[in-house]
Amino acid sequence: MTDLLYEIKDRIGWITINREKQRNAISFEAIQGFLTYLDQAEADPEVRVVCLTGAGDRVFCSGADLGAAMQGAPGEPDKRAMIFAQYARLLTRISEFPKPTLAKINGHCLAGGTGFMLACDIVIAREDALFGTPEVNVGLFPMMIGALIFRNVLRKKAMEMILLGEKLTAKEAMEMGMVTRIVPSQAFEQTTQKILAALAAKSPVGIKLGKQAFRTVEGLPLGPAIETLAAKLSEVAATKDAAEGITAFLEKRPPVFIGE
């Protein structure tokens, strides 16, 4: 699957958009590959964290491959609708992924690439990366990714970005809440690897139950949310990893988590 690469290294599942000549624009094949590789990463106990990135060092993802996405195809009455539906499914899949996800923004992140970025738990951006939703400049609108934008960005700032279609600096993106951390170019690889290693060292079952719990209470009133989380904490506390973590803390040693 040349449009997308998948590699497992040091308990990290790397998914790389491999279309550097096309500015890492997303093809339908890449979307399908994403879904396949995410299924593999979830089922593989060796994988404890998933990192999304783009090939090269100029563009993380420039969005959809508009030339392909906007065309019909023989034997496919509405290829556009199918592509858009699969992209929407992919955003939901990343957002609800039970293992930690990190977007390594090693270049400009635009349009649909913003959806990949915001669907991840953590976003590490190189300081010279640019961001934005330029869809309005070609008569389109950032529809599906809007659901993620408004879950991360204040409404007025989000509408300014969407309606003007201008590029933003990494600093502006972080101030808006879209980016977790900005890293200088010379320290980008090392810092990203350090964060991924830290995530891979955590309890897989603790993180899985925690992420599920937070999704469950999102939007609930305060009282029911706290009650639900109290029950979930009891579930986490009953795991072997929790017992190991507490024992390791008391014995002043690093814990060895097994994911149970």
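Charge dipole of segment 4-200 (Cα centre as origin; +1 on each Lys and Arg Cβ, -1 on each Asp and Glu Cβ, all else neutral): 320 debye, rounded to the nearest 20. Only beta bridges with both residues in segment 17-152 are counted; by DSSP, about 5 percent of them are antiparallel. Evaluating 6.51 cos²θ - 1.76 cosθ + 1.60 at θ = phi - 60° for every residue in segment 214-225, the Karplus couplings come out as 5, 5, 5, 8, 4, x, 6, x, 4, x, x, 5 Hz, glycine and proline recorded as x. Taking the 0 to 90 degree range and rounding to the nearest ten, how far is the long axis of helix 143-152 tilted relative to the main principal axis of the chain, both from C-alpha atoms? Helix 143-152 sits at roughly 40 degrees to that axis.
Note on ASP39 and ARG58: the model spin-label points, each 7 Å out from Cα along the C-beta direction, lie 3.5 nm apart. Selection among SER95, LEU164, SER27 by position relative to the dipole of the chain gives LEU164 as farthest towards the positive end (Cβ unit charges, Cα centre).
For segment 204-250, the dipole from Cβ point charges (+1 on Lys and Arg, -1 on Asp and Glu) about the Cα centre works out to 120 debye, to the nearest 20. When the alpha-carbon atoms of segment 118-170 are used, the pair Rg, Dmax equals 11.3, 31 angstrom. On the principal axes of its alpha-carbon atoms, segment 78-128 has extents of 40, 27, 10 Å, going from largest to smallest.
Between 0 and 90 degrees, rounded to the nearest ten: what's the tilt of helix 240-250 against the longest Cα principal axis of the chain? Orientation of helix 240-250: about 60 degrees from the principal axis.
Approximating the spin labels as points 7 Å out from Cα along Cα→Cβ, the GLU46-to-MET82 distance works out to 3.3 nm. Shape descriptor for the chain: Rg over Rh equals 0.99 (Cα atoms; Rh from the Kirkwood inverse mean 1/r). Amide H to amide H, with H built 1.01 Å from N, HIS108 comes under 5 Å of VAL59, PHE60, LEU130, counting only residues 5 or more places away or on other chains. When you restrict to C-alpha pairs under 8 Å that are six or more residues apart and normalise by the size of segment 13-166, the relative contact order lands at 21 percent.
Summarising the label geometry, the points placed 7 Å from Cα in the beta-carbon direction at THR228 and LEU164 lie 3.7 nm from one another. Helix 28-43 and the longest principal axis of the Cα set of the chain meet at an angle near 0°.
Using only alpha carbon pairs under 8 Å that are at least six residues apart, calculate the relative contact order of the chain and give it in whole percent. Across the chain, relative contact order equals 15 percent. Fully extending the segment from GLU7 to VAL136 would add 42.9 nm, taking 0.36 nm per residue of separation and subtracting the current Cα-Cα distance.
Its residue count N fixes a reference of 2.2 N^0.38 Å for segment 204-250, and the Cα radius of gyration divided by that reference is 1.27.
Coordinate-derived values only; no laboratory data. All of these numbers come straight from a predicted model, not from anything done at the bench. Neighbour counts run over all protein chains shown; Cβ positions are idealised from the backbone, glycine included.
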